[in-house]
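Q: Sharing a structure, written as structure tokens. Questions coming.
The values are calculated or read from the model by the stated rules, or taken from the named source; none is laboratory data. Everything numeric in this text was worked out from a predicted model, so none of it was measured. When we count neighbours, we look across all protein chains shown, and the Cβ atoms used for this are built from the backbone with ideal geometry, even at glycine.
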Amino acid sequence: MTMSTFKKIAITNRALCTIDFLKQIERIAPNVDAVLLREKDLSEREYTALAKKVIAICQKYHTNCILHTHIKSAEHLHHFYIHMPLPFLEREYKNIGHFHLIGASVHSVSEAQKAEALGADYVIASHVFQTDCKKDLPPKGVDFLIHVCQSVSIPVYALGGINDQTEPLIYHTGVSGACRMSDYMKA
């Protein structure tokens, strides 16, 4: 892996932003490879309205925008990039074959293998390092990433406690990149 092939993905969380959310997206979109719009608290209608705005910002900077779980929003917007938790993928995999990019969140080697078998184009493996999002759960560590990467032939992205200090620790694992939430939403 070279640094030029290591992808950076921003995962959104409006609650963490210290400025207007769309202004924050405008700030980070030119600096990442993808924005994963993960706003779990919104209704389908609210999510669709927000997604339309975020997609427009991402397109301006030639940054991929990946929608999270809201299949109907993606179809309504003709934006066929979707990411979802593995249980959702298990339930919906027969209905999303027309999507161009399908991702899944995984927390074990067996989950990564299952996601790949269900047609996922990539997985996000978490949580690698200690993170405020999962204070009560111990991190899985770098060896976890190595095992996940060795178990599937699709790209694996690391999530959880990734920052400027921890990111270099995962370069040798075989991951295709890293996802960050707090750094990109607060910066």
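Q: Exactly one of these conditions fails for D183: (1) of a type in the set (D, E, K, R); (2) part of a helix (DSSP H, G or I); (3) under 27 Å from A15 (Cα atoms); (4) free of Cβ contacts under 8 Å to residues at least 12 places away in the same chain. Give me its number.
A: (4)
Q: State whether the residues of the range 53-73 include one that is farther than 24 Å from K23 by Cβ and of a type outside the set (V, I, T). Walk me through how you get there before you give the answer.
A: Step one: filter the range 53-73 for residues farther than 24 Å from K23 by Cβ, giving 69, 71-72.
So of that shortlist, the ones also of a type outside the set (V, I, T) come out as 72.
Among the residues of the range 53-73, at least one is farther than 24 Å from K23 by Cβ and of a type outside the set (V, I, T), which makes the answer yes.
Q: From I25, I82, which residue is assigned to a helix (DSSP H, G or I), buried (at least 21 other Cβ atoms within 10 Å of the Cβ) and of a type in the set (V, I, T)?
A: Numbers: I82 fails: assigned to a helix (DSSP H, G or I).
I25 is the lone residue from the list that is assigned to a helix (DSSP H, G or I), buried (at least 21 other Cβ atoms within 10 Å of the Cβ) and of a type in the set (V, I, T).
Q: Can you find a residue in the range 33-43 that is part of a helix (DSSP H, G or I) and at pLDDT 95 or above?
A: Within the range 33-43, the subset part of a helix (DSSP H, G or I) is none.
Checked the range 33-43: no residue is part of a helix (DSSP H, G or I) and at pLDDT 95 or above.
Q: Give the residues of the range 154-177 that are within 20 Å of A34 (Cβ to Cβ) and either of a type in the set (D, E) or in a loop (DSSP other than H, G, I, E, B) (or both), sorted by residue number.
A: First, the residues of the range 154-177 that are within 20 Å of A34 (Cβ to Cβ): 154-164, 166-167, 170-171, 173-177.
Within the range 154-177, I154, P155, G160, G161, I162, N163, D164, T166, E167, G174, V175, S176 qualify.
Q: Which residue out of F88, F99 is in a loop (DSSP other than H, G, I, E, B) and among the aromatic types (F, W, Y)? So that I can check it myself, show each step before the final result.
A: Details: F88 fails: in a loop (DSSP other than H, G, I, E, B).
None of the other options fit; the residue is F99.
Q: Among the residues of the range 117-146, which ones are of a type outside the set (V, I, T), farther than 22 Å from N13 by Cα, touching a residue at least 24 places away in the same chain (Cβ under 8 Å) and surrounded by fewer than 19 Cβ atoms within 10 Å (Cβ to Cβ)?
A: L118, G119, D121
Q: Next question. Identify the single condition in (1) assigned to a helix (DSSP H, G or I); (2) surrounded by fewer than 17 Cβ atoms within 10 Å (Cβ to Cβ) that I57 does not satisfy, given that it satisfies every other one.
A: Only one criterion in (1) assigned to a helix (DSSP H, G or I); (2) surrounded by fewer than 17 Cβ atoms within 10 Å (Cβ to Cβ) is unmet by I57, namely (2).
Q: Being surrounded by 17 or more Cβ atoms within 10 Å (Cβ to Cβ), in contact with a Gly (Cβ under 9 Å, 6 or more places away or on another chain), part of a strand (DSSP E or B) and in contact (Cβ under 8 Å) with a residue 60 or more places away in the chain: is that true of I66 here? So that I can check it myself, show each step before the final result.
A: Values: surrounded by 17 or more Cβ atoms within 10 Å (Cβ to Cβ): yes; in contact with a Gly (Cβ under 9 Å, 6 or more places away or on another chain): yes; part of a strand (DSSP E or B): yes; in contact (Cβ under 8 Å) with a residue 60 or more places away in the chain: no.
Judged against the criteria, I66 is not a match.
Q: Within the group R180, R91, which residue is among the charged types (D, E, K, R), under 17 Å from V32 (Cα atoms) and at pLDDT 95 or above? Even if it seems obvious, please write down each step before you answer.
A: Values: R91 fails: under 17 Å from V32 (Cα atoms).
Step by step, each of R180, R91 is checked, and only R180 is among the charged types (D, E, K, R), under 17 Å from V32 (Cα atoms) and at pLDDT 95 or above.
Q: So E46 ticks every box in (1) touching a residue at least 60 places away in the same chain (Cβ under 8 Å); (2) in a helix (DSSP H, G or I) but one. Which box is left unticked?
A: Going through (1) touching a residue at least 60 places away in the same chain (Cβ under 8 Å); (2) in a helix (DSSP H, G or I) one by one, E46 breaks only (1).
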